[in-house]
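Below: one structure, written as structure tokens.
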Amino acid sequence: MERTQPTAEPARLRAWHRRWSWRKVIVRSLLVGVLVLSAGTGWFYWRLRASLPILDGQVVVQGLAGPVEIARDALGVPTIVGSTRADAAFGLGFLHAQDRYFQMDLLRRMSAGRLSELFGEAAVGSDSSFRKHRFQQLAEKVLRSLPTDHARVVTAYTLGVNSGLKELGSAPFEYLLLQSEPKPWREQDCILVMMTMLCDLQEMDAQSEIALGILRERVPVEVFDFLVRKGSNWDAALDGSTLPEPSIPPAEIWSLRETGTAVPALTANSPSSGNFFESTDRSPELRVGSNNWAVSGALGRDGHAILASDMHLGLSVPAIWYRAVMTTPTINGSMHRLVGVTLPGSPLLVEGSNGSVAWGFTNSYGDFGDVIELQPVPDDTDAYLTLAGPLKIEHFSEQIDFPGGSKSCDYEWTIWGPVVENRNGRRFVHHWVGDDPEAFDLQAIAFESATTTDAAMHVANRTAMPHVNVVIADRAGNIGWTLCGRIPRRTGPPSNVPQDWSLGKGPWQGYLRPEEIPRVLNPHEGRVWTANNRVLGAEYLDIISNAGMGFDEGARAMQIRDLLRAQDSFTELDMLDIQLNDEARFLLRWQQLLLSSVTGGLPDSRSVKQEFVDLVEDWGGRASPNSVGYRLVHEFRWQIIERVFGRSQRSLNNTGTFYQKTNIQRALPLAYEDVMWQLLKERPQHWLPHTFESWDALLSDAAAGTEQKLTQKSSLASATWGARNTVSIQHPLAKAIPLLSRWLDMPVRQLPGDDHMPRVQGLTFGASQRMVVSPGREERGIYHQPGGQSGHPLSPFYRAGYEDWVAGNPSALLPGAGIHSLLLTPQKQ
């Protein structure tokens with residue numbers, strides 16, 4: 001039988017079947033992928049929704065003596081009503097856990113040195129810095145020393161926190177992203193949170209004082225005293241005191257024009273501050289601190305005293321503070337309505353009003369630690385000299401765990417505290433209040449029941465907490481200022497360089513008694529103010545002095561003082577206007593100097609464009625977002641300072657500068673403003689860097705450098721202050737995972753404000769809250785914060801109130817009408 005040739009059709013059919021089979025596999029795979037992705041997204045969204053706080057209904061809990069009522073307004077601000085102070089603390093802890101548990105967890109982990117357990121090996125450096133101070137062990141000691149009534153509040157708060165965490169349908173979303181589980185709250189964690197705040201306000205390793213010690217070794221004492229000052233020409237002390245301006249050291253003592261390096265470079269770099277989340281964009285003059293002030297009843301409209309406070313800190317998501325109202329018996333049994341801000345992780349009202357007294361804080365920048373250089377024992381590198389004879393250095397190790405591994409860190413400890421730096425065989429110890437259990441207690445809870453300014457001052461002077469200025473106003477119209485925190489009793493004035501304590505000269509004699517701490521009550525002009533500046537004169541400096549970082553230059557304080565003196569009557573809105581004041585009084589003389597430098601026909605002048613001159617002339621005199629002139633003046637000032645001093649933080653060539661001559665490779669906390677202006681007034685040739693023939697040449701070069709820098713990436717007209725002062729407030733996870741920024745961060749905004757004015761504003765730094773309140777008239781009070789109550793991005797309260805903070809709208813201190821109601825009831829025994 002004859003065979004037929006196969007046609008091409010079956011072959012094409014088989015090829016088509018093969019292609020279709022692969023297509024089906026791809027389609028099915030894609031469908032499966034979409035289904036898996038949808039299921040994963042749905043599962044994540046379900047877990048996310050499940051972690052939202054409970055707003056309404058009834059929850060039965062263990063640990064309450066009686067029911068606690070919680071009402072929330074449209075911004076999520078709670079009003080807590082409890083029958084005892086402990087029950088109110090339970091309710092507050094419940095809310096803190098429901099709204100902010102991840103934030104609380106970070107605050108306790110920071111000082112405990114346990115961030116690596118969440119964030120991995122990248123946080124080991126931060127954890128190592130904190131472990132050096134043994135804060136975990138210290139917190140346990142403080143907890144054991146609390147009086148019964150204070151311990152009862154801490155216990156109730158802790159029970160409330162763990163109950164609030166338990167009642168969430170799912171762990172806060174951050175733990176889901178980090179593939180971790182939240183650990184229960186412990187009572188000592190409330191103390192760790194306080195320690196973290198102290199470390200944000202003070203240098204736990206005293207690096208500024210150590211840097212000043214290096215400076216003191218490398219320049220004559222006259223040069224040191226000229227550069228490092230206890231006061232400023234901007235000082236606005238409450239007692240009107242001023243300090244003499246030091247003379248410029250003559251050429252025979254020191255000259256900047258001599259070329260060459262005078263001393264060898266350091267073999268150790270400057271240690272970091274240890275804060276894993278710290279921003280690096282801050283000006284070296286920026287102080288972690290605040291503004292606060294008060295006017296007496298004689299100046300407050302309708303005869304009432306008014307207090308204003310805005311605490312300046314690093315800005316993050318969620319906001320640092322948690323607003324709350326607590327209607328409760330206080331620790332002494334008297335009933336009060338407590339209105340103000342709390343800190344997640346603490347059961348206390350941090351600042352606010354109890355209806356009779358209002359109080360607010362600013363960082364004092366006093367000197368509450370001393371650096372000791374250990375004197376070695378010959379032939380024994382593991383011992384040091386003391387008045388009682390040689391002692392051995394204590395060695396201890398800490399294991400820092402992180403996912404997938406661990407690291408052991410070794411430390412040295414002495415009778416005076418930890419060794420914070422070992423440089424070329426020289427050991428430096430920081431003897432610091434923050435390493436003493438006596439530096440922490442919960443006595444600040446007594447602010448809640450104080451009824452007069454004088455009584456609140458007694459509370460402040462007996463309270464062991466971070467060292468702050470406290471400004472107080474009461475319902476009767478009285479106002480005052482004093483200090484909180486344990487203040488060392490020294491045998492002499494505080495030193496700003498390392499000391500030798502081996503012969504017994506220097507060790508502290510305990511702490512000042514409350515009655516020895518300075519106070520100002522009802523000053524004759526009816527106004528008090530602080531802004532991290534020097535508050536009083538000679539006796540104050542003998543007790544407090546200033547830490548290595550130094551007081552603020554005082555321009556903020558002076559501007560606040562002058563604005564207060566410009567009026568004889570005030571309302572709450574007047575106080576808010578001062579908080580938002582962005583007048584550039586500090587830079588006015590620099591604007592005039594810049595104009596004279598570019599229009600005066602200087603013989604060594606380098607020309608700038610006429611547009612530059614016009615913008616400087618029309619600068620507006622404010623740190624306004626749309627002002628190019630303000631930014632030009634601001635940059636011109638730093639261009640001059642860098643040409644004289646140099647700065648390791650920026651890339652400017654240091655040739656011929658102070659930093660290059662002394663070869664100090666770490667930032668120095670110098671009195672840049674006063675020193676630089678004095679040099680520009682007197683223009684001594686021996687303080688002029690050798691790279692310039694005259695001071696006019698330096699000024700002209702600085703102006704040209706200003707123009708060059710601000711036109712590198714855009715036109716001069718677009719180089720506005722707002723383009724530089726674009727505020728970015730981020731969630732910690734968004735910093736590590738930028739894709740989360742749109743979902744987690746606050747909207748980016750160009751804002752007014754700068755360092756040396758009431759409205760302090762940097763890229764990630766500024767007013768963490770603004771409060772204005774008259775005790776007993778809280779309904780007229782004003783409040784802002786840069787973010788909402790909730791730390792949950794799906795909550796309607798996540799960004800609530802942010803735009804009021806941005807725009808300065810006078811939003812109310814008291815919460816509005818309750819739209820949510822939650823009842824916590826005790827479980828029947």
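For the condition within 29 Å of R229 (Cβ to Cβ) and crowded, with 16+ Cβ neighbours inside 10 Å, what is the one hit in G526, G480? Write out each step before concluding.
Working: G526 fails: within 29 Å of R229 (Cβ to Cβ).
Matching residue, one of G526, G480: G480.
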Task: Any strands (runs of 3 or more DSSP E) falling wholly within the range 764-829 and containing at least 2 residues that are touching a residue at least 24 places away in the same chain (Cβ under 8 Å), under 26 Å from R47 (Cβ atoms) and open to solvent by less than 10 Å² (accessible area, probe 1.4 Å) - done: 820-826
Task: Residues satisfying the stated conditions in the range 483-502, i.e. out of contact with any Asp or Glu (no Cβ under 9 Å at 6 or more places or on another chain) and either at pLDDT below 95 or charged (D, E, K, R) (or both) - done: T491
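Taking the conditions exactly as written (modelled with pLDDT under 95 and in contact with an Asp or Glu (Cβ under 9 Å, 6 or more places away or on another chain)), does Q207 satisfy them or not? Full working, then the answer.
On the way: modelled with pLDDT under 95: yes; in contact with an Asp or Glu (Cβ under 9 Å, 6 or more places away or on another chain): yes.
Yes: the conditions hold for Q207.
Suppose we filter the range 559-578 for residues that are aliphatic (A, V, I, L, M), open to solvent by 30 Å² or more (accessible area, probe 1.4 Å) and assigned to a helix (DSSP H, G or I); how many remain? I'd like the intermediate steps shown before the answer.
Our first condition is that a residue be aliphatic (A, V, I, L, M); within the range 559-578, this holds for 560, 563-564, 566, 573, 575-576, 578.
Now restrict to residues that are open to solvent by 30 Å² or more (accessible area, probe 1.4 Å): 566, 573.
From what's left, assigned to a helix (DSSP H, G or I): 573.
Of the residues in the range 559-578, 1 are aliphatic (A, V, I, L, M), open to solvent by 30 Å² or more (accessible area, probe 1.4 Å) and assigned to a helix (DSSP H, G or I).
How many residues does the range 135-148 contain that are closer than 25 Å to A206 by Cβ and either at pLDDT below 95 or surrounded by fewer than 20 Cβ atoms within 10 Å (Cβ to Cβ) (or both)?
Our first condition is that a residue be closer than 25 Å to A206 by Cβ; within the range 135-148, this holds for 135-142.
Narrowing the set further to residues that are either at pLDDT below 95 or surrounded by fewer than 20 Cβ atoms within 10 Å (Cβ to Cβ) (or both) leaves 137, 140-141.
Qualifying residue count for the region: 3.
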- [ ] Considering every residue within the range 103-126, establish whether at least one is open to solvent by less than 40 Å² (accessible area, probe 1.4 Å), touching a helix residue (DSSP H, G or I) at 6+ places or on another chain (Cβ under 8 Å), of a type in the set (F, W, Y) and in contact (Cβ under 8 Å) with a residue 40 or more places away in the chain.
- [x] no
Task: Subset tally (residues that are surrounded by fewer than 17 Cβ atoms within 10 Å (Cβ to Cβ), at pLDDT 95 or above and either closer than 19 Å to V377 by Cα or of a type in the set (S, T, Y) (or both)) for the range 504-520 - done: 0
Open item on the list: With the requirement that a residue be closer than 16 Å to I80 by Cα, surrounded by 24 or more Cβ atoms within 10 Å (Cβ to Cβ) and of a type outside the set (S, T, Y), what does the range 349-366 give you?
Closed with: L349, G352, N354
- [ ] Say whether the condition of being small (G, A, S) and surrounded by 16 or more Cβ atoms within 10 Å (Cβ to Cβ) is met by at least one residue in the range 707-718.
- [x] no
Task: Residue satisfying all of: in the range 433-449; open to solvent by less than 10 Å² (accessible area, probe 1.4 Å) and in contact with a strand residue (DSSP E or B) (Cβ under 6 Å, 6 or more places away or on another chain); farthest from Q499 (Cα to Cα) among these - done: E448
Open item on the list: If a residue counts only when it is farther than 18 Å from A112 by Cβ and in contact with a Pro (Cβ under 7 Å, 6 or more places away or on another chain), which strands (runs of 3 or more DSSP E) contained entirely in the range 390-464 have at least 3 such residues?
Closed with: 426-432
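Are there strands (runs of 3 or more DSSP E) fully within the range 306-346 with at least 2 residues that are among the small types (G, A, S) and either buried (at least 22 other Cβ atoms within 10 Å of the Cβ) or modelled with pLDDT under 95 (or both)? List them.
Answer list for the range 306-346: 306-314.
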TODO: Would you check if T342 is touching a residue at least 24 places away in the same chain (Cβ under 8 Å), over 19 Å from R85 (Cβ atoms) and among the polar types (S, T, N, Q)?
DONE: no
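Which residues, taken from the range 724-763, are part of a helix (DSSP H, G or I) and within 27 Å of S290 (Cβ to Cβ)?
Pass one, the range 724-763, residues part of a helix (DSSP H, G or I): 724, 732-736, 738-744.
Answer for the range 724-763, where residues must be part of a helix (DSSP H, G or I) and within 27 Å of S290 (Cβ to Cβ): R724, P732, A734, K735, L744.
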Open item on the list: On the basis of being at pLDDT below 95 and open to solvent by 30 Å² or more (accessible area, probe 1.4 Å), does L176 make the cut?
Closed with: yes
Task: Number of the condition not met by R426 [criteria: (1) open to solvent by 60 Å² or more (accessible area, probe 1.4 Å); (2) at pLDDT below 95] - done: (2)
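The values are calculated or read from the model by the stated rules, or taken from the named source; none is laboratory data. Predicted model, so just to flag it, every value in this text is computed and none were measured. Because the Cβ atoms are built from the backbone with ideal geometry, glycine has one as well, and the counts that use them run over all protein chains shown. Note: accessible area is taken over every heavy atom of the protein model, side chains too, but ligands, DNA and RNA are not part of it. Shrake-Rupley method; radii C 1.70, N 1.55, O 1.52, S 1.80 Å.
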